[in-house]
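These notes concern the structure reproduced below.
The values are calculated or read from the model by the stated rules, or taken from the named source; none is laboratory data. If you're wondering where the values come from, they're calculated on a predicted model, not measured in any experiment. Reconstructed Cβ throughout: ideal geometry from the backbone, glycine too, with neighbour counts over all protein chains shown. Note: areas computed on protein heavy atoms with side chains; ligands, DNA, RNA excluded. Shrake-Rupley method; radii C 1.70, N 1.55, O 1.52, S 1.80 Å.
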Amino acid sequence: MSTLSQKQLDKRISLRDSFNRRIDYLRISITDRCNLKCIYCMPKKRIQNFKGSEILTSEEIVRFVRIAHENGLRKVRITGGEPLMRKDIFSLIASIKQTGIRDLSLTSNGIMLSKHAGELKKAGLDRVNISLDTMVAEKYKAITNGGDINRVWESIEEVERVGLSPVKINVVPINGLNNEEIASFASLTFNKNYHIRFIEFMPVGCNEIWKKDRCISAKEVMHIIATLGTLERLKFRGQGPSRNFRIKGAQGVIGIISPLSDHFCNFCNRLRLTSDGKIRPCLFSGVEIDIKTPMRNGASDYEIERLFCHSVKIKPLRHLLSEDVTSSRSLMAMSQIGG
Ligand code: SAM
Ligand code: SF4
Ligand code: SF4
């Protein structure tokens with residue numbers, strides 16, 4: 001009797017939206033709490049965190065992932081807020097992995113990661129992204145409202161040591177903040193196999209510091225990086241919206257993510273699940289589908305599956321930020337949606 005390979009199985013159960021995009025990636029915000037307060041992510045005025053009972057439990061998250069996996073989900077990223085603020089993170093990672101998810105990653109600010117990297121790896125985590133927007137200690141403190149950059153460097157080393165690799169570093173270049181460090185970040189790839197990912201600054205939620213002239217487009221980033229050497233285009237399969245390059249002779253990779261200047265919506269493969277249990281088909285749309293209430297009211301797996309499939313079907317073709325940048329202003333902060 002012939003058995004189907006994982007590839008054939010994935011193909012059989014792939015779920016497509018109304019624009020024929022295959023949707024197989026879920027970003028889950030497991031908490032809206034954070035131990036930092038980055039100026040480009042959280043509004044100055046205190047935002048009201050969800051109450052503990054409003055946040056999805058581990059069991060609810062895992063149940064949803066299991067159902068989504070049965071409908072073609074292959075890739076999960078755990079984010080927040082700061083995901084390591086959640087005490088049940090290790091068992092959550094292990095249970096998500098047990099559903100059969102092949103690619104399980106996590107985005108963290110790196111403040112608490114050095115202590116937990118080994119245990120996360122043991123639980124089944126495949127990779128991490130660490131956010132770091134400056135290499136200057138004082139500036140880091142200012143951007144994050146008090147963070148200690150040494151802890152982030154320790155985490156980067158530890159993550160590498162335990163084999164949660166390749167180490168990916170997320171940088172949001174912002175004019176007047178860290179624009180003069182773009183070349184230094186890219187230069188880290190000369191001697192280390194780091195993936196440095198430059199992400200355009202997005203006008204999400206009540207972000208007071210977002211202004212068009214503070215954004216540095218992917219094109220400008222490329223221009224700066226090109227001064228360091230010849231850029232070779234790399235082609236990775238299934239690596240999301242990042243356009244990847246290597247400076248000739250360098251070990252690491254530079255990724256350019258341009259949600260604004262050159263949006264990649266045509267290739268979008270993702271949904272988000274907010275920490276309070278709403279599926280968000282598109283980052284830049286306020287449309288959400290509640291799965292927590294039905295789950296807590298005793299919905300069957302079939303009913304949850306219908307909600308998942310519905311969220312895929314109503315996914316919009318693209319965001320409208322190039323037409324109307326204010327269209328995202330009514331949304332929650334990035335820390336609440338899950339970046
Ligand atoms: N706390 C974790 C961290 O900082 O890595 C995970 C959550 S954070 C919201 C996820 C990613 O969103 C980070 O890499 C952060 O730099 C990015 N981010 C936050 N606000 C952003 C914005 N306005 N534009 C672009 N990226 C943003
Ligand atoms: Fe910074 Fe991440 Fe916290 Fe936002 S969620 S304030 S990006 S550490
Ligand atoms: Fe996908 Fe919406 Fe982001 Fe476009 S804006 S890439 S459709 S989530």
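Within segment 218-228, identify whether any single residue is polar (S, T, N, Q) and open to solvent by less than 70 Å² (accessible area, probe 1.4 Å), and answer yes or no. Scanning segment 218-228, I find no residue that is polar (S, T, N, Q) and open to solvent by less than 70 Å² (accessible area, probe 1.4 Å), so the answer is no. Counting only helices (runs of 4 or more DSSP H) that fall entirely inside segment 51-146 and contain at least 2 residues that are over 23 Å from I174 (Cβ atoms), the qualifying elements are 58-69, 89-98, 113-123.
Kindly indicate the residue of segment 156-181 that is of a type in the set (A, V, I, L, M), surrounded by 20 or more Cβ atoms within 10 Å (Cβ to Cβ) and farther than 14 Å from R214 by Cα and also nearest to ligand 3 (Cβ to nearest atom) among those meeting that condition.
Let us first name the residues in segment 156-181 that are of a type in the set (A, V, I, L, M), namely 156, 159, 162, 164, 167, 169, 171-172, 174, 177.
Next, from what is left, pick out any that are surrounded by 20 or more Cβ atoms within 10 Å (Cβ to Cβ): 156, 159, 164, 167, 169, 171-172, 174, 177.
Narrowing the set further to residues that are farther than 14 Å from R214 by Cα leaves 156, 159, 164, 167, 169, 171.
Working: I156: 27, V159: 26, L164: 25, V167: 24, I169: 21, V171: 19 Å.
So the residue we want is V171.
Applying a threshold of 8 Å to beta carbon distances and a minimum spacing of six or more residues, or different chains, the list of pairs starting in segment 261-288 at a residue that is free of Cβ contacts under 8 Å to residues at least 40 places away in the same chain and more than 11 Å from ligand 3 (Cβ to nearest atom) and ending at one that is among the hydrophobic types (A, V, I, L, M, F, W, C) and not in a loop (DSSP other than H, G, I, E, B) reads K278/I289; I279/L271; I279/L273; I279/I289; I279/L307; I279/F308; E288/I279.
If the condition is being within 16 Å of ligand 3 (Cβ to nearest atom) and farther than 21 Å from I39 by Cα, then segment 76-109 contributes V76, R77.
Annotation for segment 51-58: no member residue is closer than 18 Å to I130 by Cβ and either within 16 Å of ligand 1 (Cβ to nearest atom) or modelled with pLDDT under 95 (or both). Residue count for segment 99-119 under the criterion of being within 14 Å of ligand 1 (Cβ to nearest atom) and touching a residue at least 40 places away in the same chain (Cβ under 8 Å): the result is 7. Restricting attention to segment 255-266 and to residues that are under 12 Å from R243 (Cα atoms) and of a type outside the set (S, T, N, Q), the residue that is most open to solvent (accessible area, probe 1.4 Å) turns out to be D262.
So, I93, is that one within 16 Å of ligand 1 (Cβ to nearest atom) and more than 19 Å from the chain's Cα centre (by Cα) or not? The answer is no for I93.
So that you can scan it fast, the table gives a plain yes or no per residue for (1) within 16 Å of ligand 2 (Cβ to nearest atom); (2) out of contact with any Ser or Thr (no Cβ under 9 Å at 6 or more places or on another chain):
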| site | (1), (2) |
| --- | --- |
| L56 | no, no |
| L73 | no, no |
| V76 | no, no |
| T79 | yes, no |
| R86 | yes, no |
| G118 | no, yes |
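Looking only at residues in segment 57-81 that are basic (K, R) and in contact with a Lys or Arg (Cβ under 6 Å, 6 or more places away or on another chain), which one is surrounded by the most Cβ atoms within 10 Å (Cβ to Cβ)?
Restricting attention to segment 57-81, the residues satisfying the condition of being basic (K, R) are 63, 66, 74-75, 77.
Add one more test, that the residue is in contact with a Lys or Arg (Cβ under 6 Å, 6 or more places away or on another chain), and what stays is 74, 77.
Details: R74: 20, R77: 23.
Step by step, filter segment 57-81, then rank; the result is R77.
Under the condition of being away from ligand 2 (no atom under 11 Å from the Cβ) and either closer than 19 Å to I199 by Cβ or of a type in the set (S, T, Y) (or both), the residues counted in segment 120-130 number 2.
Taken over segment 251-276, the criterion of being more than 16 Å from ligand 2 (Cβ to nearest atom), part of a strand (DSSP E or B) and within 12 Å of E200 (Cα to Cα) is satisfied by G255, I256. Y40 meets all of the listed conditions (1) within 16 Å of ligand 3 (Cβ to nearest atom); (2) of a type in the set (F, W, Y); (3) more than 17 Å from D126 (Cα to Cα) but one, namely (1). For K235, the conditions (1) closer than 22 Å to L113 by Cβ; (2) open to solvent by 30 Å² or more (accessible area, probe 1.4 Å); (3) among the basic types (K, R) all hold with the exception of (1).
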